[in-house]
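Student: The structure is given below, and queries will be raised subsequently.
The values are calculated or read from the model by the stated rules, or taken from the named source; none is laboratory data. Remember, it's a predicted structure, so these values are computed and weren't measured experimentally. The protein model used for the area step is the full one, side chains on, heavy atoms only, and it has no ligands, DNA or RNA in it. Shrake-Rupley method; radii C 1.70, N 1.55, O 1.52, S 1.80 Å.
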Amino acid sequence: MSEERAGTRQEQVGRRNEQPGPRNERAEWGNEQAGRRNEQAEAWQEQAGDWTGFDVHEFQRGVIAEFRANEGRLGGMFEGWTLTVLTTVGARTGLRRESILGYLEFDGKGVVVASANGADKHPDWYHNIRRNPIVTVETGADTYQAIAAVPQGRERDELFGRVVEEAPGYADHQARTSREIPVIVLHRIGPVPGAERVKGMGDWIVEVHDWLRDELKTLREQADRLVEGSAERIERTTPDLARQMRTHCLDFCGALTKHHGGEDMAVFPALAKQFPALAPALAQLGDEHKAVARAQEAIRRLVDGFVPGESDPRRLREELERLADRLENHFTYEEETIVTALNATVPAPHVG
């Protein structure tokens, strides 16, 4: 840094510290913390000649306290760094865990790197997000909830290349270890403050489910009408109802096949790679889709096999109720499992 730039920076810091009020008090407190932290680090080095005895948790707590007190600005050895406080849920304990990490941003998304300074083991927070990808991100200027994705293969390599261009030190970290250092993308859940919410793939899936629910409701209502009118009006109304039910059934079953086939072939594998924590649930959903296909076929046979005046409308209604409940349970579980991840990562498809 040139003397002119250094002088300008000192003048700016001086003017900021001259301002009265809580912010100045926080800055002074943060500067004191930075000084104590640096003194502590120097004492450890002088005592052991290396980092033996270094309490990383105590060190991080001090950095996090200073970070929050100064709206993301740090002094001392971290002055000028762009950092974040990442809050995860402990994989074994279920407790909230806070980590101070380097923070980058690409294409409007936060990025953190599980380098652990080139250690041979992944940091604890990385194991946490593999178990539960929902995290809280603090940047000093903003705090938001996100879902953490772990890109794989070529996507990871290209992203790591961008990271190294911005922060070359991570290349040194990778050179120190044989493990592949993961790069994590933090997909914000919900819109940026003041911005309009963009419809995501998860919203679209819910809309498809709601349409399928309406079709099921129509089938059930028609079955109710058959039961209510079977003694007196079945000869007059049933043919129309039967045709309507077949039409709705074909629409419903065709849409359900296309919907779930698309999920199994494209969406689910991509989600499982990015969000390892979702992999077991996604595998279960894939298995459930086989049961859904059987339920869908049962509905088709049930409706196509209904013969006015011969078939029992009450049995038709009971079977429809049972199958509809099975499908509703599946829709609900699917929404609880994947909607948040999809909304945070994939925009809704354009349907013309």
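Student: Subtracting the Cα-Cα distance from 0.36 nm times the residue separation, let me have the gained length for Glu196 to Val307 in nm, one decimal.
Tutor: Extra length available between Glu196 and Val307 comes to 34.7 nm.
Student: What lysines does Lys290 reach when the alpha-carbon gap must be under 16 Å and sequence neighbours fewer than 8 apart in one chain are set aside?
Tutor: By straight Cα distance, Lys290 reaches Lys258.
Student: Using a 1.4 Å probe and ignoring any ligands, DNA or RNA, find the accessible area of Thr93 and quote it in Å² to the nearest 10.
Tutor: Answer for Thr93: close to 80 Å² accessible.
Student: When all protein chains stay in place, what accessible area (Å², nearest 10, 1.4 Å probe) is found for Tyr126?
Tutor: It works out to around 10 Å².
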